[in-house]
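Comments concern the structure below.
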Amino acid sequence: MSKHMMIRSSPSVLILTVSRDPSKWLQPGSMALYKVEKLLLNEQVLRDVEKLSHDHQTSSLEGFHSVILHFAPKNVIFPYIGMLCRLYLADMHFNENAERGQATTSEGKAVYKIMFPKSKKGECTAKPVKTKPTFKYVSDLMRLLFEEVLEKPTRYTEELKQIPIPKDLCAQFERPSKEDVIARHVSRFSRGVAGTQHSGHQDQETPGVSGTQHTTG
């Protein structure tokens with residue numbers, strides 16, 4: 001690193017700036033340099049650095065998860081086939097619109113919008129606006145439905161029946177009787193109340209002590 005080059009960190013990137021002030025440099029043998037070295041050479045940090053990708057980031061995966069929530073929100077319960085179909089729709093919508101470019105004005109200027117991320121603590125940032133999504137996959141599905149499925153539905157219904165539907169998670173466990181569950185609940189609650197009453201009697205029988213013992217001669 002050049003003597004006049006300094007690394008200044010920001011929330012998301014490392015910015016190289018030029019500085020001629022010696023006080024802004026870490027001095028050899030100083031406690032500050034020792035702490036930085038200890039932090040950067042931490043085994044967990046080194047393992048995380050090895051897993052970093054130079055080409056692929058998680059933003060695309062996070063975008064796909066956002067599309068899934070649009071088609072299959074978590075606050076709605078769907079049957080297995082219904083959930084599977086919604087995942088297929090989310091997959092088709094994401095694949096069609098994953099490579100959308102940045103929107104431009106009629107004059108050809110790139111369009112941005114101002115954002116106020118929580119991590120910036122009030123500082124705004126410019127975010128590129130992408131072109132509007134397309135829905136060509138919907139036309140393909142409608143054509144498939146009206147021109148093929150409705151014409152020969154037997155083939156598709158047979159394939160649909162061959163999809164293995166797993167059992168519900170609750171089916172993996174034996175369902176106890178309601179009476180047994182209530183009895184265990186009442187028994188556990190009774191033990192807790194009895195323990196509380198017992199500890200209360202001990203406090204009443206034990207005299208309070210101020211911390212200093214008094215003796216009489």
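Computed from the coordinates by the stated procedures, all read-outs in this text should not be read as laboratory data. It should be emphasised that the depicted structure is a prediction, and the values quoted were computed from it without experimental measurement. In this analysis, Cβ positions are derived from the backbone assuming ideal geometry, glycine residues included, and neighbour counts consider all displayed protein chains.
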If the cut-off is a Cα-Cα distance under 14 Å, which aspartates and glutamates reach residue 127, setting aside same-chain residues fewer than 8 apart in sequence?
-> none
Using only Cα atoms, locate the centre of the range 109-144 and the centre of the range 25-78, then give the distance between them in Å, rounded to an integer.
-> 23
Grab the beta carbon distance between residue 186 and residue 74, set R0 = 25 Å, and tell me the FRET efficiency rounded to 0.05.
-> 0.15
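Could you give the length gained by full extension between residue 42 and residue 120, i.e. 0.36 nm per residue of separation minus their alpha carbon distance, to one decimal place?
Answer, rounded to one decimal: 25.4 nm.
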Would you please state the base-10 log of I(q)/I(0) at q = 0.16, 0.18 1/Å for the range 25-83, with intensities from the Debye formula using one equal scatterer on every alpha carbon?
-> -0.74, -0.80
Say the cut-off is 24 Å between C-alpha atoms; which of 109/132; 51/118; 35/118 go over it?
-> 51/118; 35/118
Value of Rg to Rh for the range 10-133 (Rh from inverse mean 1/r over Cα pairs, i.e. Kirkwood) = 1.12
Estimate the FRET efficiency between residue 144 and residue 88 by the formula 1/(1 + (r/R0)^6), using the beta-carbon distance for r and 22 Å for R0, to the nearest 0.05.
-> 0.95
Write out the GluC sites (Glu not before Pro) in the range 119-195 meeting two conditions: DSSP loop, and at most 11 other Cβ atoms within 10 Å of their Cβ.
-> 123, 151, 174
